[in-house]
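First comes the structure, then the notes that go with it.
The values are calculated or read from the model by the stated rules, or taken from the named source; none is laboratory data. This structure is a prediction, so every number in the text was calculated from the model and none was measured. Glycine also receives a Cβ, built like all others from the backbone with ideal geometry; neighbour counts cover every protein chain displayed. Surface areas here come from the heavy atoms of the whole protein model, side chains and all, with no ligands, DNA or RNA. Shrake-Rupley method; radii C 1.70, N 1.55, O 1.52, S 1.80 Å.
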Amino acid sequence: MAATGAAILEARDLGLRFGAVEALKDVSVRFAAGHVHAMIGPNGAGKSSLLNCLSGFYHPWTGAIMFEGRDISALRPPDRARIGIGRTFQGIQTYPSMTARENILTGFHAMMKGGVFSGLFRTPATVRQEEAFTARAEEIIDFLELEEDRHRVVGDMSYGLRKRVDLGRALALQPKVLVMDEPMAGMSPEEKGDLARFTLDIRDRYGIPVILVEHDMDVVMDISDRVTVLEFGRVIAEGTPDQIRGNDRVIAAYLGDGATGGEAA
Ligand SMILES: Nc1ncnc2c1ncn2[C@@H]1O[C@H](COP(=O)(O)OP(=O)(O)OP(=O)(O)O)[C@@H](O)[C@H]1O
Ligand SMILES: [Mg+2]
């Protein structure tokens, strides 16, 4: 539920450049526990760059990433995944020749204790761990309503279903926060509706806050507790969906002519 908890993840004064492009400039955003928090803004605004800074794929030139109050700026992406920053990417990240269930299980293997050797020799501890993973995979399959499709090869599935499997893999890592870049791009309205429902369930049932980039404004306004608007690498507005809907600067940014909007931020 939309409890205004402490920030679980925080971007502090981020600056990031690619040549002459300032992808991020003085970007500070606090992501609260218990929230669905959407990042919106025109193409090239810096949304994916921000998400990549959160998960460690991009290194901001200035500023810091804080997770549960600790500076994690120096941690590499796998370590950030391990401490609880889960994510899905723009496009599809599943293995097409594997089944839905196998894809979800690969999420667990990313955090298997004991490495390859204990996997080969199957110690009692690894067997127990695998049983726990299998049980949890089944739970995720139920949660994402993939029961009928669990043994289907992902390459044969619709885009929406594949994205759902992708989400299952991210959930397998038992994240403390889930970061999703345009999870609904390319989906039918029905698939979007399903994913919107799952997103709210992830927040409410699992208690996992969700940070997402999304272009579909109806969905954003529907499911978000908080919305941050980026334009040209800067935060130009932040608030509840109602506050954002009525914000002149946001309206101007989305009308796309760059005109008006004032300098109120
Ligand atoms: N790896 C990179 N190399 C060079 N330039 C990059 C790189 N990543 C991002 N940029 C540039 O940084 C700016 C912000 O890009 P970013 O991908 O963060 O935007 P976005 O808001 O996610 O856009 P979209 O809605 O199109 O996905 C753009 O000008 C982009 O070209
Ligand atoms: Mg992007």
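Tell me, what is the percent relative contact order of region 7-255, built from C-alpha pairs under 8 Å that lie six or more residues apart? Write down the numbers at each step before the final one.
Details: 450 pairs, mean separation 71.3, N = 249.
Worked out over region 7-255, it gives 29 percent.
Taking every protein chain into account, the accessible area of the chain amounts to 48 square angstrom per residue (probe 1.4 Å).
How would you rank 186-193, 23-30, highest first, on the average number of other Cβ atoms within 10 Å across their residues? Please report the intermediate quantities before stating the final value.
Numbers: 186-193: 14.8, 23-30: 20.1.
Going by the mean number of other Cβ atoms within 10 Å, highest first, we get 23-30, 186-193.
Rank Gly44, Gly207, Gly246 by mean-square fluctuation in a GNM of the chain with C-alpha springs under 10 angstrom and give only the top-ranked residue. Highest fluctuation among the options: Gly246.
At 222 nm, what value in deg cm²/dmol follows for the chain if DSSP H runs of at least 4 each add -39500 (n - 2.57) and the sum is divided by all its residues, to the nearest 500? Let's see the in-between values first.
Numbers: 10 runs with 104 residues, N = 265.
It comes out at -11500 deg cm²/dmol, rounded to the nearest 500.
Of the residues Arg17, Arg249, Arg128, the one that moves most in a GNM of the chain with alpha-carbon contacts below 10 Å is Arg128.
At R0 = 51 Å, how high is the FRET efficiency between Thr62 and Gln174 if r is their beta carbon distance? Nearest 0.05 is fine.
Computed FRET efficiency for Thr62 and Gln174 comes out at 0.95.
Put simply, the amide H of Glu68, placed in the peptide plane, has neighbours under 5 Å in Leu9, leaving out anything fewer than 5 places away on its chain.
The number of Lys pairs in the chain with C-alpha atoms less than 22 Å apart, excluding pairs fewer than 8 positions apart on the same chain, is 7.
How big, in percent, is the set of alpha carbon pairs in the chain lying more than 32 Å apart?
On the way: 8547 of 34980 pairs.
That fraction is 24 percent.
Remark: the Ala185-Ser73 segment gains 37.4 nm on full extension, using 0.36 nm per residue and subtracting the alpha carbon distance.
Taking a Cβ cut-off of under 13 Å around Thr94, the surrounding Lys, Arg, Asp and Glu residues balance to a net charge of +2, with basic ones at +1 and acidic ones at -1. Comparing Leu195, Gly160, Met180 along the charge dipole axis of the chain, the residue lying farthest to the positive side is Met180, per the Cβ-charge model. Which translational diffusion coefficient, to the nearest whole µm²/s, is obtained for region 1-88 from the Stokes-Einstein equation, given a Kirkwood hydrodynamic radius over C-alpha pairs, 25 °C and 0.890 mPa s? The estimated diffusion coefficient comes to 183 µm²/s.
Counting Lys and Arg as +1 and Asp and Glu as -1, what is the net charge of the other residues whose Cβ lies under 10 Å from the Cβ of Leu51?
Values: positive: Lys47, Arg87; negative: Asp181, Glu182.
Value of the local net charge: 0.
Considering only beta bridges that DSSP places wholly inside the chain, some 55 percent are antiparallel.
Using a simple charge model, +1 on the beta-carbon of Lys and Arg, -1 on the beta-carbon of Asp and Glu, nothing else, what dipole does the chain show about its Cα centre, in debye to the nearest 20? All intermediate terms of the calculation are to be shown ahead of the outcome.
Working: 30 positive and 37 negative charges, 215 e Å.
Dipole about the Cα centre, nearest 20: 1040 debye.
Full extension of the chain between Ala132 and Met221 gives 28.3 nm of extra length, using 0.36 nm per residue less the Cα-Cα distance. Computed from backbone phi with θ = phi - 60° and the Karplus coefficients 6.51, -1.76 and 1.60, the 3J(HN,Hα) list for region 79-86 is 6, 5, 5, 5, 7, x, 9, x Hz; x is used for glycine and proline.
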